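The values are calculated or read from the model by the stated rules, or taken from the named source; none is laboratory data. These numbers come from a predicted model, not from an experiment. Every residue, glycine among them, receives a Cβ derived from its backbone with ideal geometry; neighbour counts consider all protein chains shown. Just so you know, the surface numbers come from the protein's heavy atoms only, side chains and all, with ligands and any DNA or RNA stripped out. Shrake-Rupley method; radii C 1.70, N 1.55, O 1.52, S 1.80 Å.
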Amino acid sequence: LPEPGSDGRTFVEVISEKYSPENFPYRRGPGMGVVVVSTGGPQGSPMKDRLNLPSVLVLNSCGISRSGDQAEIAAFCAHVMELDLSHNKLQDWHEISKIVSNIPNLEFLNLSSNPLAGMTLEPRWAEAFSSVRRLVLNNTQVSWDTVLLLTREIPELEELFLCHNEYSSVSPSSVACPTLRLLHITDNCLKDWAEVRKFGSMFPCLDTLVMANNNLSSIQDSKDILQRLFPKLRSINLHNSGLNQWEDIEKLNFFPKLEEVRLQGIPLLQAYTNAERRSLMIAQLPSISLLNGSAVTDSEREDAERFFIRYYLDYPEEELPYRYHSLVNKYGKLEPLAEIDLRPRCRAQVEVHCEEKVEQLSIRLDQTVAELKKQLTTVVQLSTNSMRLYYIDKGSAFGPEEMKYNTRALHSYSIQDGDEILVVPKTK
């Protein structure tokens, strides 16, 4: 049987081709480039004499399935700090470790969309990843046991990306990873808070938790437990989760350092308008300074808190949210706002006077003077060219105002019900 991955290309083949002086004649791309001169590799080595290798290598979608000669990797990649191997054919952790163990300064590694489902990472290979600080394993179906092994073996891991891996449960780790600041675990199947709770004990210094597109149903822990489990959590993203009770939103106040929340597309908010959603959310979360990516200003917070009190004015006592009473203590019981209709008026009922004749007429205010003249031809038996119009404002001390500009819109005259339009025949 052929070895797994033997149909693909080696890492060494790909970098020797991509970064040879013919294909990559100067240092470009992010990071300072280094011209490395090979120390005469073995006979038949695919390496050229020299390569223009930047410190950030982007090798996505290159068909890589194996490492190639490790001595060549060590000779050429000593200065490399970032490596993107996403969308390749890597399915053997041993091959990945042979690449990574020869890049001693590697801080960022992206293995997204490589077929790693069911592949075992031996603990002796895991040591190869020890310098990595940011690790991306999206859409790899990497097993949770492998994730735990990596978090134990990487002493300064700061950011971990595990999106689209179909996790519905996670097992806790016996060893915490105190360096992790960011966990990006969107688009999985983590519905139960009992799973999320485990991240608190595994990553005690977690600053940012991005859990969008998991159908998380509720936040079940008490204030004491949340404070203990997530003492440093500053930002949480729960977009498109299944939260459907205001009690879950109130629980967010129990994370002692939380100041940024993203919470769109949840069932709880479907019944509200966008403005109501934002105001009610801001009022429920007094410590939040950033909601759905937008800063919350002091004046917006005050408006939201006042809106919140008025919103709940007519609710029975037993349905009032916990927050309502503390806001009433702050602002007092506010009166409902007066209903003022600010929509532009569409029509007005006017008196049309033409010589001896007086007619009541309903006119559209979104039309022009020319269109009004056309409407009046049926009332006063004059052609549009032979009439002059005057507007008489009943509530004003000023006399008639001639409506002499055919293209002017009627609403610009501020016509009210009961005002008069005077039609005068033009003299020859």
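General observations
- Per this entry, PRO267 is not counted among residues that are touching a Pro at 6+ places or on another chain (Cβ under 8 Å) and free of Cβ contacts under 8 Å to residues at least 60 places away in the same chain.
- Residue pairs whose Cβ atoms lie under 7 Å apart, sitting 6 or more positions apart in sequence or on different chains, and linking a residue in the stretch 320-334 that is more than 19 Å from ILE249 (Cα to Cα) and without any contact (Cβ under 8 Å) to a residue 24 or more places away in the chain to a partner that is open to solvent by less than 40 Å² (accessible area, probe 1.4 Å) and outside any helix (DSSP H, G or I), do not occur here.
- Verdict on ARG301 being among the charged types (D, E, K, R), assigned to a helix (DSSP H, G or I), free of Cβ contacts under 8 Å to residues at least 24 places away in the same chain and within 22 Å of ASN215 (Cα to Cα): no
- For TYR413: the one exception among (1) over 30 Å from LYS251 (Cβ atoms); (2) open to solvent by 60 Å² or more (accessible area, probe 1.4 Å): (2)
- Scan of the stretch 138-183 for residues that are under 28 Å from the mean Cα position of the chain (by Cα) and of a type in the set (Ser, Thr, Tyr), ordered by number: THR140, SER143, THR151, TYR167, SER168, SER169, THR179
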